[in-house]
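The values are calculated or read from the model by the stated rules, or taken from the named source; none is laboratory data. Computed from a predicted model, the values in this text were never measured in an experiment. No Cβ is skipped: glycine too gets one built from the backbone with ideal geometry, and neighbour counts run over all protein chains shown.
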């Protein structure tokens, strides 16, 4: 039996910060995140036995690859510790977690650092859009001549829902509003101080301009500088960590289950493949149910909250029915009846999500799991879901190409 | 106990090809490699349960990331199969192997595809040098204003050897000549038809011009388009594979051991850290001895041949003493006495290595392990090391930042 994988602690940066404006390079924030992460988790660098990075765009935004070499550059105590970088577009952080967890399950190492990082605000917005535009889709074959490729594809996801089941803008706007509202309670959220008016979430073309198709300004995740770190551990090391601090092992957060499925890189084949099926992305449903199965639970009713990908409101709209919160095509019901809002049946993105908290691409999967850990240990502060014992994540790369879900519980 | 990891088979492309000149994109060659790899290993796409990619520069050369999404784009039978990409500069391929092996050891999956790929000849040579120049070192902090950063750093490695132990050009030239000679016997080698004259390996500035410092033209690995694929399997799946084909499990190639250490990304701290030590890169020695230990062997005497990183002749010069073929600083002896040539005590790079066979960055680690597998199964054709039963690799990313070694044997 492989070792279960525990989470000793973690940390995330304030997603409001603009690193370039502070005169910081990606290495500076890698260092700060690693050092503050160790402090927050009460670990020494010498405790780390393996290190994984999630990052998508450092080559394009910072002319920097090979981020595994940053660990030992931060702290000589990490010299020699094996390290590597994982990339699966916006799911890079979750790939890094899966890779670290596999090493622990295999018995290779006892404690792993997983650091997700992305620096994106050091170039103009159009350049940022171009940088992440081609590389995560089938470059040169999709969205040719389209100014904003990702809003375009996720608008088409909305079109597909509309075609199969009907889709009204007000339900997408409702998702956006919940995320922005939640972000106001998250001290790390990029948009926590943003203000909106009565027209911000309407189809008013000035207050909420169209980016592409049915995707308007408020339907978009944020371009964000950010990093997050987690420390994963084997049962043996988690036990020692807990014992030393007088914490019962049952109180330690643990990855109870996970799912990981990858589809073809292009958007069209995915939609073609699901033509006669209830779910628009059956493989995303499979990722979620794989995580249920490995966690030994029967469905979303046994989950107390979700941190999901919402790069656009249509992404979260898709996540709602794919999690089984509503039957396929009826995600709008969960928006209308308050199911996914704080205090609802199954709160989604109490952190604010990618729309409200921000979306530093390679950091997002790590940040999601960190938020899940905060929730199940009662440390989510003003965005705590009362009494949460089990949380689930859904992290997506590309047009639902790389899809990864974790279930986090305790003990 | 984690499952041992077997190799069912693999394939590499002809490194002489220029993909852009053939009108091919990186996806086309990903597809060809995967399909021919399955054919060579006598596997169906449906046998694959997880998939890993090693790649360094696709964003910079091809504006393409997210290569995990290519698997299902090649073959619908791979839709849903979990996939991810690993990056550690020139050691990306070995990181992908380690990641796939960890999943098998953890019992997650039975058969993994590991595909390393790099397309680099689609841009002019100076652009290629710039693309790989900054991203694998500490960008903006090392080699500022240096035209060819990698020749510069590996020339400095030669300087360090010269300072500690003395180093003559003729021994670097000897390494180059062995690699080019070996490549003539490898039907996949980029340089197999290249011809040299009496001055090619001398310090003649016309026949063998200086690139940077003590690195001359013939001291350099090649800029190469190439891909390689391996199929790894658990003991259970390898047993079934062998039984179906009437092969005894003892004849199946297996990863007997591995080492993986990562140093600080910059060159200077590494040299400073080893100042008073015999080995210039003690962590590289550690990577090699970790692999010995995990393979249950005492040293290089129990290895029949080596495929090592030789991005430059100084890299291989370093590898020779770090493997323990000579005492530290005396690598020149193994060049002079024929130890590392075909038929010698411990042949190095019978394939031709990065200098003779070529160096498609993210493919190199996978290609090395594939060559080790060919050697221990007697399938290396004209570059077979007679009777080889155990082979070792050494793959290096950056200035010996990411260092990974595998020991491959049988049964």
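Some points to look at:
- Some residue of region A:69-88 being within 25 Å of the chain's Cα centre (by Cα) and without any contact (Cβ under 8 Å) to a residue 12 or more places away in the chain: no
- From the options A:64, A:144, A:127, residue that is more than 7 Å from chain B (Cβ to nearest Cβ) and in a loop (DSSP other than H, G, I, E, B): A:144
- Those strands (runs of 3 or more DSSP E) lying entirely in region A:204-268 with at least 1 residues under 26 Å from residue A:314 (Cα atoms), within 14 Å of chain B (Cβ to nearest Cβ) and within 20 Å of the chain's Cα centre (by Cα): A:253-262
- Whether a residue is more than 9 Å from chain A (Cβ to nearest Cβ) and surrounded by 24 or more Cβ atoms within 10 Å (Cβ to Cβ) was assessed, and residue B:116 passes this test.
- Filter result for residue A:72 (modelled with pLDDT of 95 or more, within 11 Å of chain B (Cβ to nearest Cβ), within 27 Å of residue B:82 (Cα to Cα) and surrounded by 23 or more Cβ atoms within 10 Å (Cβ to Cβ)): no
- Within region A:275-301, the set of residues being under 20 Å from the mean Cα position of the chain (by Cα) and more than 14 Å from chain B (Cβ to nearest Cβ) comprises A:292, A:295, A:300.
- Number of the condition not met by residue A:166 [criteria: (1) more than 14 Å from every other protein chain (Cβ to nearest Cβ); (2) buried (at least 22 other Cβ atoms within 10 Å of the Cβ)]: (2)
- Residue check: residue B:46 meets all listed conditions (1) touching a strand residue (DSSP E or B) at 6+ places or on another chain (Cβ under 6 Å); (2) in a helix (DSSP H, G or I); (3) more than 7 Å from chain A (Cβ to nearest Cβ); (4) over 29 Å from residue B:23 (Cβ atoms) but one, namely (1).
- Residue within region B:22-31 that is facing another protein chain (nearest Cβ under 8 Å), surrounded by fewer than 22 Cβ atoms within 10 Å (Cβ to Cβ) and within 30 Å of residue A:104 (Cα to Cα) present: no
- Restricting B:51, B:41 to residues that are more than 8 Å from chain A (Cβ to nearest Cβ), surrounded by 18 or more Cβ atoms within 10 Å (Cβ to Cβ) and over 19 Å from residue A:67 (Cβ atoms) narrows the list to B:41.
- Of all the numbered requirements in (1) assigned to a loop (DSSP other than H, G, I, E, B); (2) in contact (Cβ under 8 Å) with a residue 12 or more places away in the chain; (3) more than 19 Å from residue A:318 (Cα to Cα), residue A:379 misses one, and that requirement is (2).
- Of all residues making up region A:328-356, the number that are in contact with a strand residue (DSSP E or B) (Cβ under 9 Å, 6 or more places away or on another chain), more than 21 Å from residue A:399 (Cβ to Cβ) and in contact (Cβ under 8 Å) with a residue 40 or more places away in the chain: 6
- Of all residues in region A:90-110, those being at the interface with chain B (Cβ under 7 Å from one of its Cβ atoms), outside any helix (DSSP H, G or I) and touching a helix residue (DSSP H, G or I) at 6+ places or on another chain (Cβ under 7 Å) number 2.
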